[in-house]
Amino acid sequence: MDIIRVDGLTKTYRNGKGIFDLDFSVKEGEVFGYLGPNGAGKTTTIRQLMGFTNADKGNCTILGLDCRSAAEEIQRHVGYLPGEIAFFESMTGLEFLEFINAMRKTKNTTMMSHLIERFELDPTRKIRKMSKGMKQKVGIIAAFMHDPKVYILDEPTSGLDPLMQRNFIQLINEEKSRGKTVIMSSHIFEEIERTSDRVGVIRDGRLVTVEDIHSIKSSLRRVFVVTLETVEDIEHIKKSNLEIGAINGRQVEIAINSNYQDFISTLSSCSVVGIDILDQSLEQVFMKYYGEGGNRNE
Amino acid sequence: MNKALFKANLKGNWLIAVIIMSVMYMYLAVMISMFDPESIEGLREMIKMLPKELVSAMGFEDLGTSLTTYLGNMYYNFIAIMFPMIYVIIASNRLVAKHVDSGSMAYLLSTPNSRLKIVATQAIYLISSVASIFLFLILAGIGTSHAMFPGELDTQGFILLNLVTLLAFLAISGIGFFFSCIFDDTKYALGFGAGVPIAFFVLNMLANAGDNISWVRFFTIFTLINPAEILAGSAFTPIAMLILLSIAALAYAGGIIVFNRRSLPL
């Protein structure tokens, strides 16, 4: 059963940006990663799902209800984490969470206390005085504490330290095993990779692809920076079939799509000093999709 | 109406209402204590030394002879307009536009409460806070007058005067609320929400100041508060009240309807 459905959704802003003819759906119990660089239209889509904005064309539904007109009913079953968190700044963390509970008429606070403990949040501090990461924790707790069926999470791990990021990913996986449906946006592939079943890639407001995480992984292009002992080794690699990028002294960049076997066997005959994965932008990771899109735009 | 949100509003905004009420009460108490049927001549002499235009602009021209007319002219032409106006400008902006601009509105709307319910709660809060200010003024005015000059205050006239002023502020707060609801940016919401009431206020002073530009009185709703006429039992007062009430109803309803329909930049 489709929990979230997006049908021909179009919303254009005055500056020409927006989202155009989006079509996708998220099934029950699925974690859907919504991936795209900043400004691609991720938040615009989520605003539509939350019923904040009117669409120009098309529509979206959650649990079969129209996101704009049935927002009140939908919100009973949705946990939402905004991309830019703005609270009632004069409240403390706990006051805010209790306020949201009161707005939701939620009486049960077990999940809230459990999450406060889990994310090691000091809830007595004024929100105004909190760091970005602490605010993010408050946002996550507010989104999860009423145990909803559906989660809509906009860049959920931004601002969290690596330990808390892992903690969060664990939470998502637990919720998934409890049959919850999740859509989460991100501009970092690694974060989506560890939780999602399917991934939608968006660029310039258009959905470039919706694919199974495994097929995406196998077609991913990764760049390794290999440091070798001698310059001769570089000559050896140059002779192989591997795709070679910049060479800097005894360091060479090698791009791999799925030919890991080639890569390893070539390297095995060289003396390797070190291997690093190059941090790449999303465009570079998804060269395959973005490349096509780029050509179409020209 | 959502009780939790109403309470949160109260928690976040009570201080400025209390400050406004304290300042207003301070002026009121001073004004009442300065009333003295005998020495009112002295006050007239003092006012004569001020520029004539300034005196008329502030509505101090006719001091009247009773405590009620004296208060009507000294207080309800200027102070009872200026301070509630400051409150209304700040509060109407904070209740809607600020939440939209900062993004905290996203949290309110992510709870199972319709947009209509959220924005109507904010309207009800603004209306009841403005009403509280004037209720306080009525009680404080009657109490203080009674303590200092027992029997001097025309209680009925005084209540009517406050009622008309309250209606004017329901209209003004409605206008502020309307602008707070329709703009994405607090900059515009505050610009119009403050600009229009201030323009009304300045036009009111101009209309009082000179006969040759008294036609500007048709462009401000504050001229509908005319203490001398209200206290004299003018037949126009009920009409003025009806006009103010209609403006208030239209502005609040307009703000709520637009907010309910529009796209929010959250």
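The values are calculated or read from the model by the stated rules, or taken from the named source; none is laboratory data. The structure displayed is predicted, hence computed values, not measured ones. In this analysis, Cβ positions are derived from the backbone assuming ideal geometry, glycine residues included, and neighbour counts consider all displayed protein chains. Note: accessible area is taken over every heavy atom of the protein model, side chains too, but ligands, DNA and RNA are not part of it. Shrake-Rupley method; radii C 1.70, N 1.55, O 1.52, S 1.80 Å.
Okay, here's what the table says:
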{"read-out": "Qualifying positions in the range B:235-266 - touching a Cys at 6+ places or on another chain (Cβ under 8 Å) and within 14 Å of chain A (Cβ to nearest Cβ)", "value": "B:Val258, B:Phe259"}
{"read-out": "Evaluation of B:Phe218 against (1) open to solvent by less than 50 Å² (accessible area, probe 1.4 Å); (2) modelled with pLDDT under 95 (one fails), failing number", "value": "(1)"}
{"read-out": "Leading residue by the ranking (farthest from the other protein chains (Cβ to nearest Cβ)) among those in the range A:32-48 that are without any contact (Cβ under 8 Å) to a residue 60 or more places away in the chain and closer than 17 Å to A:Arg68 by Cβ", "value": "A:Gln48"}
{"read-out": "Residues (more than 14 Å from every other protein chain (Cβ to nearest Cβ), within 28 Å of the chain's Cα centre (by Cα) and either among the small types (Gly, Ala, Ser) or open to solvent by 60 Å² or more (accessible area, probe 1.4 Å) (or both)) located in the range A:116-131", "value": "A:Glu117, A:Glu120, A:Asp122, A:Lys129, A:Ser131"}
{"read-out": "Every residue from the range A:141-155 that is of a type in the set (Val, Ile, Thr) and closer than 16 Å to A:Gly29 by Cα", "value": "A:Val150, A:Ile152"}
{"read-out": "Selected residue (criterion: nearest to B:Ala248 (Cα to Cα)) from residues of the range B:134-169 that are among the small types (Gly, Ala, Ser) and free of Cβ contacts under 8 Å to residues at least 12 places away in the same chain", "value": "B:Gly143"}
{"read-out": "A:Phe88 being surrounded by 23 or more Cβ atoms within 10 Å (Cβ to Cβ), more than 20 Å from the chain's Cα centre (by Cα) and facing another protein chain (nearest Cβ under 9 Å)", "value": "no"}
{"read-out": "Some residue of the range A:104-115 being small (Gly, Ala, Ser) and within 12 Å of chain B (Cβ to nearest Cβ)", "value": "no"}
{"read-out": "Subset of the range B:85-107 that is at negative phi and either facing chain A (nearest Cβ under 7 Å) or free of Cβ contacts under 8 Å to residues at least 60 places away in the same chain (or both) - its residue that is surrounded by the fewest Cβ atoms within 10 Å (Cβ to Cβ)", "value": "B:Ser102"}
{"read-out": "Residue in the range B:207-220 that is under 17 Å from the mean Cα position of the chain (by Cα) and either within 14 Å of chain A (Cβ to nearest Cβ) or of a type in the set (A, V, I, L, M) (or both) present", "value": "no"}
{"read-out": "Hits in the range A:91-104 - residues which are closer than 14 Å to B:Ser110 by Cα and open to solvent by 20 Å² or more (accessible area, probe 1.4 Å)", "value": "A:Ala102, A:Arg104"}
{"read-out": "Test: residue in the range A:142-165 that is crowded, with 21+ Cβ neighbours inside 10 Å, over 17 Å from the mean Cα position of the chain (by Cα) and aliphatic (A, V, I, L, M)", "value": "yes"}
{"read-out": "Selected residue (criterion: modelled with the lowest pLDDT) from residues of the range A:209-255 that are open to solvent by 50 Å² or more (accessible area, probe 1.4 Å) and touching a Gly at 6+ places or on another chain (Cβ under 9 Å)", "value": "A:Val231"}
{"read-out": "Answer from B:Leu135, B:Leu116, B:Leu139 - the residue that is open to solvent by 60 Å² or more (accessible area, probe 1.4 Å) and within 14 Å of another protein chain (Cβ to nearest Cβ)", "value": "B:Leu116"}
{"read-out": "First in the range A:165-188 and over 23 Å from A:Leu49 (Cα atoms), second anywhere and crowded, with 17+ Cβ neighbours inside 10 Å, Cβ under 6 Å, 6 or more apart", "value": "A:Gln165/A:Thr157"}
{"read-out": "A:Val26 vs. criteria more than 14 Å from chain B (Cβ to nearest Cβ), out of contact with any Lys or Arg (no Cβ under 6 Å at 6 or more places or on another chain) and either more than 16 Å from A:Arg203 (Cα to Cα) or among the small types (Gly, Ala, Ser) (or both)", "value": "yes"}
{"read-out": "Residues of the range B:7-36 that turn out to be open to solvent by less than 50 Å² (accessible area, probe 1.4 Å) and either assigned to a helix (DSSP H, G or I) or within 14 Å of chain A (Cβ to nearest Cβ) (or both), as a count", "value": "14"}
